[in-house]
Amino acid sequence: MRIGVPGSGGMADALGGRWSGAGHEVLIGGRSRERSEALATKVGAVAGTPEDAVAFGDAVLLAVPAAVAAEVLGQAPGRVVVDCTNSVVPGRFVLDEPRVAARLAEASGAHVVKAFNLCHVDVWRRPSLAFEGRPLGVPMCGDSADALEVVGELARSTGCVPVHAGLLERAELLEATTAFAIGLWIGGADVRAVFPTTV
Ligand SMILES: NC(=O)c1ccc[n+]([C@@H]2O[C@H](COP(=O)([O-])OP(=O)(O)OC[C@H]3O[C@@H](n4cnc5c(N)ncnc54)[C@H](OP(=O)(O)O)[C@@H]3O)[C@@H](O)[C@H]2O)c1
C-alpha cells in the first residue's frame with residue numbers, strides 16, 4: 001500500500017516506520033524539507049511536502065496537530081484519511097475542539113477514519129504490539145466500509161487487530177475517551193485496571 005504522512009514528528013516516525021518496515025511505501029511530508037528527509041531516511045520512506053503526502057497513494061495519516069489538520073488536508077474528496085489527532089487541553093484533559101474527525105470529513109470530502117489516536121506514541125515504537133499474549137486492538141470509527149478495510153489492513157500489517165467501533169459520529173467518543181484516559185494516566189492511575197474482563 002502507498003501511505004502519505006503529512007507531518008514529520010513522533011507519530012510520523014513511529015507509524016510511518018512501522019508501515020515502511022511492513023513493506024508499505026511511505027511518503028513523509030513535513031513542512032521542513034530537512035526534517036522530512038532525515039525521517040524518511042531513518043524509516044525507509046521517501047520525503048516530500050505535506051501536499052505531496054495528501055496526494056500520495058492509498059491512504060493518508062494526518063500526523064499533525066488537530067488544530068491544523070483540516071488546513072493541512074484541504075479538499076480531498078474520496079481520499080482515505082486516517083485521523084489520529086487528539087485535541088486535548090494540557091493540564092485539564094478536556095477536548096479543545098469537539099468532533100475533529102467528523103468536521104474533517106465534512107470540510108474535506110475525504111473518507112475519514114478515526115484510528116491510532118488512543119495509544120501513546122511510545123506504544124507504536126515498541127518492537128512488538130502484542131500485550132499479555134494478545135495483539136493490540138485498534139479501535140476505528142468511520143462511515144466508509146472501503147476506507148475501514150484499508151485502515152484495518154494498516155492495523156493488521158503492524159500486528160494489531162482492527163476493532164470496528166462504529167460510524168464516524170462515534171469518533172467523538174474515541175476522542176473523548178483518549179482525553180479522559182490521558183488525564184487518568186498523567187494523574188498516576190492504572191488505566192488498564194479500569195477496563196477489566198468480566199470472565
Ligand atoms: N504523541 C503521542 O503520544 C500521540 C498519540 C496519539 C495521537 N497523537 C496525535 O498525533 C498527531 C501528531 O502528534 P506527534 O506526537 O507526532 O506530534 P509532533 O511530534 O509534535 O509532530 C507534529 C508534526 O506536525 C507538524 N505541523 C505542526 N503544525 C503544522 C502545520 N501548520 N502545517 C504542517 N505541519 C505542521 C510539525 O511540523 P514541524 O516539525 O515543522 O513543527 C510536526 O512534523 C497529533 O494530532 C497528536 O495529538 C499523538
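Looking only at the stretch 77-86, residues that are crowded, with 20+ Cβ neighbours inside 10 Å, outside any strand (DSSP E or B) and either on the phi > 0 side of the Ramachandran plot or within 15 Å of the ligand (Cβ to nearest atom) (or both) come to 2 in all.
Among the residues that make up the stretch 87-101, is at least one of them closer than 19 Å to residue 26 by Cα and among the β-branched types (Val, Ile, Thr)?
Looking through the stretch 87-101, none of the residues is closer than 19 Å to residue 26 by Cα and among the β-branched types (Val, Ile, Thr).
Looking at the stretch 87-109, is at least one residue assigned to a strand (DSSP E or B) and not hydrophobic (A, V, I, L, M, F, W, C)?
Taking the stretch 87-109 first, the residues assigned to a strand (DSSP E or B) are 88, 95.
Then keep just the ones that are not hydrophobic (A, V, I, L, M, F, W, C); that gives none.
No, that holds for no residue.
When residue 146 is tested against (1) at pLDDT 95 or above; (2) open to solvent by 60 Å² or more (accessible area, probe 1.4 Å); (3) part of a loop (DSSP other than H, G, I, E, B), only condition (3) is not met.
Identify, please: which residue in the stretch 87-100 is of a type outside the set (Ser, Thr, Tyr) and open to solvent by less than 40 Å² (accessible area, probe 1.4 Å) and is, among those, nearest to the ligand (Cβ to nearest atom)?
88
Of everything in the stretch 162-199, what is buried (at least 16 other Cβ atoms within 10 Å of the Cβ) and of a type in the set (Val, Ile, Thr)? Give them in sequence order.
178, 182
Please find, within the stretch 105-124, the residue that is surrounded by the fewest Cβ atoms within 10 Å (Cβ to Cβ) out of those that are over 15 Å from residue 140 (Cα atoms) and within 14 Å of the ligand (Cβ to nearest atom). Filtering the stretch 105-124 for residues that are over 15 Å from residue 140 (Cα atoms) and within 14 Å of the ligand (Cβ to nearest atom), the one surrounded by the fewest Cβ atoms within 10 Å (Cβ to Cβ) comes out as 122.
Among the residues here, residue 155 does not qualify as touching a helix residue (DSSP H, G or I) at 6+ places or on another chain (Cβ under 8 Å), within 16 Å of the ligand (Cβ to nearest atom) and outside any strand (DSSP E or B). Scan the stretch 1-39 for residues that are of a type in the set (Lys, Arg) and within 15 Å of residue 81 (Cα to Cα) and the total you get is 1.
The values are calculated or read from the model by the stated rules, or taken from the named source; none is laboratory data. Just so it is clear, the model here is predicted, and its values are computed rather than measured. Positions of Cβ are backbone-derived with ideal geometry, glycine not excepted, and every protein chain shown enters the neighbour counts. Just so you know, the surface numbers come from the protein's heavy atoms only, side chains and all, with ligands and any DNA or RNA stripped out. Shrake-Rupley method; radii C 1.70, N 1.55, O 1.52, S 1.80 Å.
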